[in-house]
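There's a structure below that I have some questions on.
Read the figures in this text as sums done on the coordinates, not as results from a lab. All values derive from a computational prediction rather than experimental measurement. Every residue, glycine among them, receives a Cβ derived from its backbone with ideal geometry; neighbour counts consider all protein chains shown.
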Ligand code: IPD
Ligand code: CA
Ligand code: CA
């Protein structure tokens with residue numbers, strides 16, 4: 001493993017009160033990424049099942065989480081933590097300060113040796129995202145955002161959402177929930193309705209990275225239901241700071257309480273919501289409320 005490179009973004013003043021949290025999140029996400037890469041070739045080893053046959057965890061998920069949490073502690077940034085592999089049942093986002101950590105987003109890809117997975121670290125203050133970092137491990141690209149200061153790639157390329165204004169010309173990402181075998185509300189109705197109506201639909205397998213790709217204008221939108229706070233803690237801030245729109249399925253601004261997330265460039269948002277509603281209505285599902 002190479003030694004840690006300090007992250008000193010020229011676009012954020014070192015005096016900014018969140019500078020230590022931002023630099024910690026970027027540096028630790030990159031370190032965790034190097035750890036994951038070192039484990040990639042033996043990734044299927046030490047694999048365990050969680051809530052279903054499609055919900056897995058590897059040794060690397062746990063080691064990555066340990067690296068991030070001990071790194072935050074070592075830097076004295078010991079706010080409350082909600083990290084996927086050690087999270088309690090009850091999650092309170094309204095706390096003064098809470099880290100939301102996904103140590104490996106895209107475990108299924110990772111365990112199969114597929115090169116699309118990420119590390120996501122966010123800091124939320126009193127129910128609002130303040131710092132968001134998504135590190136694309138294989139491409140070694142770090143997407144980051146600071147509330148009110150924009151969204152950026154690596155050391156200073158400003159991110160903007162795409163300009164695509166027509167749904168049928170859009171390339172959109174999505175994903176399917178862990179309970180897709182046992183629950184009819186599993187996104188297949190929305191997928192079947194939208195797939196023929198878009199330029200492209202993608203199921204990449206890392207929700208955090210998909211949101212970063214929307215922020216970068218590489219995807220025009222992304223939607224998924226039943227994600228957890230560590231899946232969207234950073235991504236929603238990236239999209240907002242890149243000029244996009246972030247809502248639930250009803251079109252209400254994202255607060256973290258709803259189960260269905262829609263992020264987009266803003267221009268196609270209403271059209272996408274309408275399509276999701278139509279698909280759900282035709283399938284006999286509640287338009288705006290996802291059944292858990
Ligand atoms: C999963 C990925 C996947 C999404 C799932 C998530 P994990 O996270 O983000 O793309 O469809 O809903 O649970 O388990 O790999 O961290
Ligand atoms: Ca995840
Ligand atoms: Ca994970």
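Rg (Å, one decimal) plus Dmax (Å, integer) for the alpha carbons of the chain?
18.0, 54
Another one. If you bin every alpha carbon distance in the range 110-217 into 10 Å steps from zero, what whole percent lands in each bin?
Calculated P(r), rounded to whole percents: 13, 35, 35, 16, 1.
When N is the residue count of the range 19-158, what does its C-alpha Rg come to as a fraction of 2.2 N^0.38 Å? Present the calculation step by step, with values, prior to reporting the outcome.
Details: Rg = 14.7 Å, N = 140, 2.2 N^0.38 = 14.4 Å.
That ratio works out to 1.03.
Roughly what % antiparallel, to the nearest 5, for the DSSP beta bridges in the chain?
So the antiparallel bridges amount to about 80 percent of the total.
Further question on the same structure: Just the C-alpha atoms of the range 1-90: what Rg/Rh do they give, with Rh taken as the Kirkwood radius? Please report the intermediate quantities before stating the final value.
Values: Rg = 15.4 Å, Rh = 14.9 Å.
Result for the range 1-90 is an Rg/Rh of 1.04.
Report the label-to-label distance for residue 193 and residue 78 in nanometres (one decimal), using points 7 Å from each Cα along the Cα→Cβ vector.
A separation of 4.9 nm, rounded to one decimal place.
Let me ask something additional. Using 0.36 nm times the number of residues separating residue 92 and residue 281, minus their current alpha carbon distance, what extension gain do you get?
Here the answer is 64.8 nm.
Here is a further query. Rounded to the nearest 5, what is the percent of antiparallel bridges among the DSSP beta bridges in the range 167-282?
Values: 10 of 16 bridges.
Just about 60 percent of them are antiparallel.
Determine the gain in length on full extension of the stretch residue 50-residue 202; use 0.36 nm per residue of separation and subtract their C-alpha separation, reporting nm with one decimal. Before the final figure, lay out the partial values.
On the way: separation 152, 0.36 × 152 = 54.72 nm, distance 2.49 nm.
Roughly 52.2 nm would be gained on extension.
Evaluate the Kirkwood expression for the hydrodynamic radius of the range 165-292, namely the inverse of the mean inverse distance over all pairs of different C-alpha atoms, and round to one decimal in Å. Can you show the working numbers first?
On the way: mean 1/r = 0.0709 Å⁻¹.
Across the range 165-292, the inverse of the average 1/r is 14.1 Å.
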